[in-house]
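Notes follow the structure.
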């Protein structure tokens, strides 16, 4: 993993989700290319299946709207088929696939509607 979390924290791009005082997960999201980019989203295994991933991605949608963006985009590893299915269920569509930084990545985008 090559993410610079110290930099993301310093720039206010990393956001933690707590449940009952325990860190359940986090999202790293920021403006990029005229849209909201989700660089990383993760949940602790014991918190998966509770709708918290949806909650984190809804936060990215809200950030996009707050900044006047109409689109959110992200990528995931092509081997993470569960992630691909999850993002499709949330309204993302696949835009392209590339081999980047040693990984096969699937880029996806979601057009936002007004809340």
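Can you confirm whether the stretch 88-106 contains a residue that is surrounded by fewer than 11 Cβ atoms within 10 Å (Cβ to Cβ) and in contact (Cβ under 8 Å) with a residue 60 or more places away in the chain? Within the stretch 88-106 (the criterion being surrounded by fewer than 11 Cβ atoms within 10 Å (Cβ to Cβ) and in contact (Cβ under 8 Å) with a residue 60 or more places away in the chain), the answer is yes, since at least one residue qualifies.
On inspection, residue 56 passes the criterion of being closer than 23 Å to residue 113 by Cα and within 9 Å of the chain's Cα centre (by Cα). Of the residues screened, residue 24 is one that is modelled with pLDDT of 95 or more, touching a helix residue (DSSP H, G or I) at 6+ places or on another chain (Cβ under 8 Å) and assigned to a strand (DSSP E or B). Selection of the stretch 65-83 for residues being over 12 Å from the mean Cα position of the chain (by Cα) and assigned to a helix (DSSP H, G or I) yields 65, 66, 81, 82. Residue count for the stretch 41-78, restricted to those that are surrounded by fewer than 16 Cβ atoms within 10 Å (Cβ to Cβ) and closer than 15 Å to residue 108 by Cα: 4.
The values are calculated or read from the model by the stated rules, or taken from the named source; none is laboratory data. Please read these numbers as outputs of a predicted model, since none were measured by experiment. Methodologically, a virtual Cβ is constructed for each residue, glycine included, from the backbone with ideal geometry; neighbour enumeration extends over all protein chains shown.
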